[in-house]
Amino acid sequence: MDKYQEALDYLECITKAFNVTNDISKLSIENLQDLIDKATPKKLTEPYFDGYEVLSGYCPICGLEQEHMNDDYCVDCGQRLDWSVE
């Protein structure tokens with residue numbers, strides 16, 4: 001489990017234990033979940049393979065075409081990308 005997920009689990013545990021239901025705690029949990037989702041690598045959609053590696057594809061979140069394997073994140077939405085071949 002990574003640090004973002006640990007922090008989210010801790011925050012959810014504390015808010016439940018102390019019955020905290022205010023908008024700030026809800027927003028904090030939502031924001032942290034958004035960070036976890038963006039930091040979790042997602043496979044490109046419609047990947048183009050040359051037989052050895054993925055050369056291009058589309059961001060699974062915003063749909064922007066990705067052409068640079070060295071880009072770990074989408075330049076448009078910031079989603080972390082997974083260029084691996086299964």
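The values are calculated or read from the model by the stated rules, or taken from the named source; none is laboratory data. Keep in mind the model is a prediction, meaning the values are calculated, not measured. Cβ: placed from backbone, ideal geometry, glycine included. Neighbour counts: every protein chain shown.
Each row is one residue, and each column tells you yes or no for (1) among the hydroxyl-bearing types (Ser, Thr, Tyr); (2) surrounded by 13 or more Cβ atoms within 10 Å (Cβ to Cβ); (3) over 11 Å from the mean Cα position of the chain (by Cα).
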site	(1), (2), (3)
Glu12	no, yes, yes
Lys16	no, no, yes
Asn19	no, no, yes
Asp37	no, yes, no
Ser56	yes, yes, yes
Arg80	no, yes, no
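Inclusion of Thr40 among residues that are at pLDDT 85 or above and β-branched (Val, Ile, Thr) is warranted. Inclusion of Lys26 among residues that are touching a strand residue (DSSP E or B) at 6+ places or on another chain (Cβ under 8 Å) and either in a helix (DSSP H, G or I) or not assigned by TED's automatic domain parsing to the domain that holds Tyr73 (or both) is not warranted.
Yes/no per residue for (1) in contact (Cβ under 8 Å) with a residue 24 or more places away in the chain; (2) acidic (Asp, Glu); (3) part of a strand (DSSP E or B):
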position	(1), (2), (3)
Tyr4	yes, no, no
Lys16	no, no, no
Asn31	no, no, no
Tyr48	no, no, yes
Gly51	no, no, no
Asp71	no, yes, no
Val75	no, no, no
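So is Leu35 assigned by TED's automatic domain parsing to the domain that holds Tyr10 and either out of contact with any Gly (no Cβ under 9 Å at 6 or more places or on another chain) or of a type outside the set (A, V, I, L, M) (or both) or not? Spelling it out, Leu35 is indeed assigned by TED's automatic domain parsing to the domain that holds Tyr10 and either out of contact with any Gly (no Cβ under 9 Å at 6 or more places or on another chain) or of a type outside the set (A, V, I, L, M) (or both). Which is farther than 29 Å from Trp83 by Cβ and not hydroxyl-bearing (Ser, Thr, Tyr), of Leu11, Leu35, Leu64? The match here is Leu11.
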